[in-house]
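Worksheet for the structure shown next.
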Amino acid sequence: MSYKGLSSDEKILAKLHPHPLAFMGDVVLWLYTIIVTLLAWSKRATISAKLSSLPLVGGWASSFTSSWGIFVIIAIMVLIPVIVYSLFKITWRPIASAVIVVIVAPAILAYLGYNVKTAVAAVVILSLIQIVRVDFKRRRHVYIVTDRRIITEYKGLFKSSRRDIVYSRLTDIITEKGFLGKLFNFGNVYIVTQSGMGLGADYSALTVGAGTTAGPVAGGAAVTGGKSVNVPESRPQYVLYAVPHPEDVAGIIADALKASEEAPYLRKIVEKLDNLKEDREG
């Protein structure tokens with residue numbers, strides 16, 4: 001195996017990509033979008049009848065039967081779980097993609113004069129394209145383990161990033177498997193450096209407050225106490241994310257780390273032996 005940016009005598013021990021199931025959360029969201037869109041379209045008459053019985057929306061709910069109003073329901077049902085997922089992952093990209101697919105694209109088609117059925121088909125097709133894009137995203141994450149360093153690289157369409165970690169800076173190796181990882185044997189390998197990179201923080205807090213009212217004047221006070229705990233956490237481009245057989249990968253890194261630590265001492269021993277040989281020959 002070869003890779004750009006390596007020394008001529010540098011040996012690649014492993015070249016990895018995330019497991020095909022690594023970004024299953026993104027795939028599930030787009031499958032959910034397709035199902036919601038098709039169900040909303042096929043059950044639009046039932047949805048209209050249900051909403052018509054409600055006191056506040058009954059007057060305009062009947063328009064969902066044959067107009068673009070059905071996309072209001074689709075947008076609400078899609079965006080709520082997408083927002084929750086994005087907050088959990090701490091990223092805005094799923095929200096932006098969902099807005100483009102279920103709001104912007106139908107709005108453009110409506111402006112151009114296309115019918116609702118065409119817009120429904122467009123949402124389904126765009127969602128399928130997003131599922132394919134997820135696998136391209138997976139393949140753009142590349143992890144290289146050599147006998148001298150660990151390289152994590154993300155080759156994005158608009159942005160690329162690369163992180164090189166030499167073994168002298170490495171302080172810990174942590175493996176982690178989720179539920180799917182246990183079933184299919186893949187997980188994260190966190191490379192913790194001396195600066196603490198590879199670690200995040202979970203924070204829990206408790207707030208106690210009290211208030212009082214005296215005539216027109218009101219006052220109150222609150223006290224907050226919390227504790228943070230360092231946990232292995234990082235972006236996929238800065239950690240060996242969802243790699244197959246993580247324990248084996250961690251073992252390869254540990255062996256390379258041990259060899260790199262022993263190398264300076266071996267060189268010193270060889271130098272001393274060479275000096276002794278020269279002294280005897282002299």
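The values are calculated or read from the model by the stated rules, or taken from the named source; none is laboratory data. These numbers come from a predicted model, not from an experiment. Here Cβ is always computed from backbone atoms with ideal geometry, including for glycine, and neighbour counts include all displayed protein chains.
A few comments on the model shown:
- Glu153 fulfils the conditions (1) touching a residue at least 40 places away in the same chain (Cβ under 8 Å); (2) closer than 16 Å to Ile34 by Cβ; (3) surrounded by 13 or more Cβ atoms within 10 Å (Cβ to Cβ) except for a single criterion, (2).
- Unmet requirement for Leu79, which otherwise passes all of (1) free of Cβ contacts under 8 Å to residues at least 12 places away in the same chain; (2) within 28 Å of the chain's Cα centre (by Cα); (3) part of a helix (DSSP H, G or I): (1)
- Ala96 within 23 Å of Ser48 (Cα to Cα) and in a helix (DSSP H, G or I): no
Conditions tested, residue by residue: (1) loosely packed, with under 12 Cβ neighbours inside 10 Å; (2) assigned by TED's automatic domain parsing to the domain that holds Asp255; (3) modelled with pLDDT under 95.
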{"residue": "Arg93", "(1), (2), (3)": "yes, no, yes"}
{"residue": "Ala96", "(1), (2), (3)": "no, no, yes"}
{"residue": "Ala107", "(1), (2), (3)": "no, no, yes"}
{"residue": "Ala119", "(1), (2), (3)": "no, no, yes"}
{"residue": "Ser161", "(1), (2), (3)": "no, yes, yes"}
{"residue": "Tyr167", "(1), (2), (3)": "no, yes, yes"}
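- The combined condition, being modelled with pLDDT under 90 and surrounded by 13 or more Cβ atoms within 10 Å (Cβ to Cβ), is not fulfilled by Ile131.
- Selection count where residues are in contact with a Ser or Thr (Cβ under 7 Å, 6 or more places away or on another chain), hydrophobic (A, V, I, L, M, F, W, C) and at pLDDT below 90, scope the range 1-41: 1
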